[in-house]
Amino acid sequence: MVLLPEEAKALPPPGVVNRSSLWLGFCGLLTSMLHNSLARKPALRAGLHRHVLFTTVGWFLGYHLTKYENYTYARLDRDMNAYVSRHPEEFQQKEKKTFAEVVEDFHPIR
């Protein structure tokens with residue numbers, strides 16, 4: 001796809017069934033049903049080829065939207081990890097405390 005650079009091809013592809021594909025496929029189906037309703041045709045039975053086409057287009061857009069989203073988050077993670085590795089003084093390890101040091105002593109009041 002044109003929107004993704006070459007480095008995005010190194011990422012694993014998203015699953016064919018994902019939330020964006022399902023959602024946009026469903027929106028495509030609803031769009032074709034709305035078009036039928038506005039044209040005063042039976043919403044589900046008229047223009048089945050249009051139902052299939054709109055659902056497929058929505059599914060395709062959802063798949064590539066997920067692909068772009070995965071690339072964006074991978075790029076942000078890469079940049080953040082590079083920053084942390086270049087500036088270790090800003091990200092010092094905190095000393096580990098036991099649970100007893102964190103919680104106050106319990107003294108019941110009677």
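The values are calculated or read from the model by the stated rules, or taken from the named source; none is laboratory data. Since this is a predicted model, take the numbers as computed values, not measurements. No Cβ is skipped: glycine too gets one built from the backbone with ideal geometry, and neighbour counts run over all protein chains shown.
Need the failing condition index for LYS67 against (1) of a type in the set (Lys, Arg); (2) surrounded by fewer than 14 Cβ atoms within 10 Å (Cβ to Cβ); (3) part of a helix (DSSP H, G or I), just the number.
So the condition that LYS67 fails would be (2).
Is it true that some residue in the range 11-31 is of a type in the set (S, T, N, Q), at pLDDT 90 or above, more than 20 Å from GLY62 (Cβ to Cβ) and surrounded by 11 or more Cβ atoms within 10 Å (Cβ to Cβ)? If you could, list the steps in order and put the result at the bottom.
Within the range 11-31, the first condition is being of a type in the set (S, T, N, Q), and the residues that meet it are 18, 20-21, 31.
After this cut, where a residue has to be at pLDDT 90 or above as well, the list is 18, 20-21, 31.
If we keep only those that are more than 20 Å from GLY62 (Cβ to Cβ) as well, we get none.
No, there is no match, as no residue in the range 11-31 is of a type in the set (S, T, N, Q), at pLDDT 90 or above, more than 20 Å from GLY62 (Cβ to Cβ) and surrounded by 11 or more Cβ atoms within 10 Å (Cβ to Cβ).
Within the range 30-72, work out how many residues are touching a residue at least 40 places away in the same chain (Cβ under 8 Å) and of a type in the set (Ser, Thr, Tyr).
Looking only at that region, the number is 4.
Can we say GLY47 is under 25 Å from the mean Cα position of the chain (by Cα) and surrounded by 11 or more Cβ atoms within 10 Å (Cβ to Cβ)?
On the way: under 25 Å from the mean Cα position of the chain (by Cα): no; surrounded by 11 or more Cβ atoms within 10 Å (Cβ to Cβ): yes.
The answer is no for GLY47.
Can you tell me which residues in the range 57-101 are among the small types (Gly, Ala, Ser), under 30 Å from THR31 (Cβ atoms) and within 14 Å of the chain's Cα centre (by Cα)? Working first, answer last.
First, pick out the residues of the range 57-101 that are among the small types (Gly, Ala, Ser): 58, 62, 74, 82, 85, 100.
Then drop every residue that is not under 30 Å from THR31 (Cβ atoms), which leaves 58, 62.
Correct list: GLY62 only.
For the range 77-86, check the following and say yes or no: at least one residue is in contact with a Ser or Thr (Cβ under 9 Å, 6 or more places away or on another chain) and either in a helix (DSSP H, G or I) or surrounded by fewer than 10 Cβ atoms within 10 Å (Cβ to Cβ) (or both). Please lay out each step first, then the result.
Initially, the range 77-86 is screened for residues in contact with a Ser or Thr (Cβ under 9 Å, 6 or more places away or on another chain), giving none.
No, the range 77-86 contains no residue that is in contact with a Ser or Thr (Cβ under 9 Å, 6 or more places away or on another chain) and either in a helix (DSSP H, G or I) or surrounded by fewer than 10 Cβ atoms within 10 Å (Cβ to Cβ) (or both).
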